[in-house]
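Quick notes on the structure that follows.
The values are calculated or read from the model by the stated rules, or taken from the named source; none is laboratory data. Note that the structure is a prediction, hence the values are computed from the model and not measured. Cβ coordinates were reconstructed from backbone atoms using ideal geometry, including for glycine residues, and neighbour counts include every protein chain displayed. Remember, those area values only see protein heavy atoms, side chains included, never the ligands or the DNA or RNA. Shrake-Rupley method; radii C 1.70, N 1.55, O 1.52, S 1.80 Å.
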Amino acid sequence: CCPKGVKCPWVNLLPASDVNALCSYCRAAVLGSPREMMKHAWDNYKRYAWGLNELKPISKQGHSSNLFGNIQGATIVDALDTLYIMEMKEEFKEAKDWVEKNLDFNVNAEISVFEVNIRFVGGLLSAYYLSGEEIFRKKAVELGEKLLPAFNTPTGIPWALLNIKSGIGRNWPWASGGSSILAEFGTLHLEFVHLSHLSGNPVFAEKVMNIRKVLNRLDKPEGLYPNYLNPSSGQWGQHHVSIGGLGDSFYEYLLKAWLMSDKTDEEGKKMYYDAVQAIETHLIRKSSGGLTYIAEWKGGLLEHKMGHLTCFAGGMFALGADGAPSDKTGHHIELGAEIARTCHESYDRTSMKLGPEAFRFDGGVEAIATRQNEKYYILRPEVIETYMYMWRLTHDPKYRQWAWEAVEALEKHCRVDGGYSGIRDVYNNHESHDDVQQSFFLSETLKYLYLLFSDDDILPFEHWVFNTEAHPLPILHKEDGSKEEKQK
């Protein structure tokens, strides 16, 4: 057990039932551990919102987002692999039973293709690869087939929204003159390649490879990819560029497509490293206080703002360091470390030690949110995600220390009797909860925390890549052909 006064994050690997056998110091540590946090989040979802998409932990009732249409059970499907990895066997079994009996895609409703893909398709694929249970493969392929009509556009760039009964698609009305969004149509690749692998039907992979063809034919302003692309004309919409919302996971999936292909997808590799070069030249800046940040680009002008979503990029740069030109490997790791430090500062400069939705580097402030509508925290994972990658790739203990600070802040400010809630203003000394336990808190935030304090041989990077919802997908090794890869 730990010496008095020293926190011991290792005890998070104990079964929750063993907590009472620990000394008071270790017990305090385990009660704030990712596994126990997962149990609290799951048990309350089960108690108050079972079968619905998400939980309202203050109201103690279900919460449904219109992103999923009438499809239900987002938290169940998103949490399957976390339950499995944490060896919460009873909970995994009840989740599997619900999927078998109740997960229904025959609904007359409009869904977000992107959200349903990353949470439902990704969650089902991971659950299949981890457990080998056929029901997950079957459901993943069934849902993948329902998403295919989204690609019925003049260019093959998919619609953002799809009625999965009628097959009619459209784009968000606010998105630059009917455009599709880079982060949405660019974040289908990993899942659709696996759908082809598991179904034997090449159509899924063909659809996402065609997206690459369209992008490669287009001129990129300064080598950058704008966030908006019109699926009818095949031309860019507004020249806004972001590595945060609207752009983020497109870049992540270029790198991970190359890694998932056992480093055979040379096109994905080239697109990723070329994009990083342009991002470094045009978007990455250093504040007068020495903080490296990634600005947003609007028609050639920089907005010196960085979103919480952008904080994933520290982990991305570090993960991609090994494949960079040999003289750039150390530079990419250092870039990841600098982004991690900036994002840690965005947490550390708040009252609650949790990061705001966006923070700015102008008007005399650094890494601080200045607008009221950017001060909220909705249990997002991106900063912890970057800590996890930086820990795995450098083993610098500060990343575990920073992650533990986040655990303590989550426990102090977000934990309520009925689960975990987001916060409306992280600069306030008094919590105002938003009353939503997001499904990605169970899928991403708690999984990344668990992996941070676990040995590296749990989901090792040489065998797995994580989709943008933290669902692990196996690398398709060259020798596997179309054989199912079930590396554990």
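Going through the stretch 367-424 one residue at a time, which ones are open to solvent by 20 Å² or more (accessible area, probe 1.4 Å), outside any loop (DSSP other than H, G, I, E, B), of a type in the set (V, I, T) and within 30 Å of A49 (Cα to Cα)? Answer for the stretch 367-424, where residues must be open to solvent by 20 Å² or more (accessible area, probe 1.4 Å), outside any loop (DSSP other than H, G, I, E, B), of a type in the set (V, I, T) and within 30 Å of A49 (Cα to Cα): just V416.
Cβ separations smaller than 7 Å between residues 6+ apart or across chains give the following pairs from the stretch 205-216 residues that are over 15 Å from P154 (Cα atoms) to residues that are open to solvent by less than 50 Å² (accessible area, probe 1.4 Å) and small (G, A, S): A205/S196. Name the residues in the stretch 432-462 that are open to solvent by 10 Å² or more (accessible area, probe 1.4 Å) and in contact with a strand residue (DSSP E or B) (Cβ under 6 Å, 6 or more places away or on another chain), would you? If the condition is that a residue be open to solvent by 10 Å² or more (accessible area, probe 1.4 Å) and in contact with a strand residue (DSSP E or B) (Cβ under 6 Å, 6 or more places away or on another chain), then D435, V436, L459 are the ones that fit. Scanning the stretch 37-66 for residues that are open to solvent by 10 Å² or more (accessible area, probe 1.4 Å), outside any loop (DSSP other than H, G, I, E, B) and at pLDDT 95 or above returns K39, H40, D43, K46, R47, Y48, K56, Q61, G62, H63.
The lone criterion from (1) within 19 Å of L319 (Cβ to Cβ); (2) in contact with a helix residue (DSSP H, G or I) (Cβ under 9 Å, 6 or more places away or on another chain) left unmet by H395 is number (2).
Just one of (1) farther than 30 Å from E408 by Cα; (2) in a helix (DSSP H, G or I) fails for S249. It is (1). Whether a residue is in a helix (DSSP H, G or I), open to solvent by 20 Å² or more (accessible area, probe 1.4 Å), modelled with pLDDT of 95 or more and not acidic (D, E) was assessed, and I333 passes this test. Taking the residues in the stretch 51-74 that are under 15 Å from Y420 (Cβ atoms) and among the hydrophobic types (A, V, I, L, M, F, W, C) as candidates, determine which candidate is farthest from the chain's Cα centre (by Cα). Checking each candidate, the answer is I58. When residues in the stretch 68-91 are screened for being at pLDDT below 95 and within 17 Å of K56 (Cα to Cα), 0 of them pass.
The residues of the stretch 300-330 include none that are acidic (D, E), under 15 Å from K269 (Cα atoms) and either open to solvent by less than 40 Å² (accessible area, probe 1.4 Å) or not in a helix (DSSP H, G or I) (or both). Scanning the stretch 103-133 for residues that are of a type in the set (S, T, N, Q) and within 22 Å of the chain's Cα centre (by Cα), we see that the one that is farthest from E252 (Cα to Cα) is S131.
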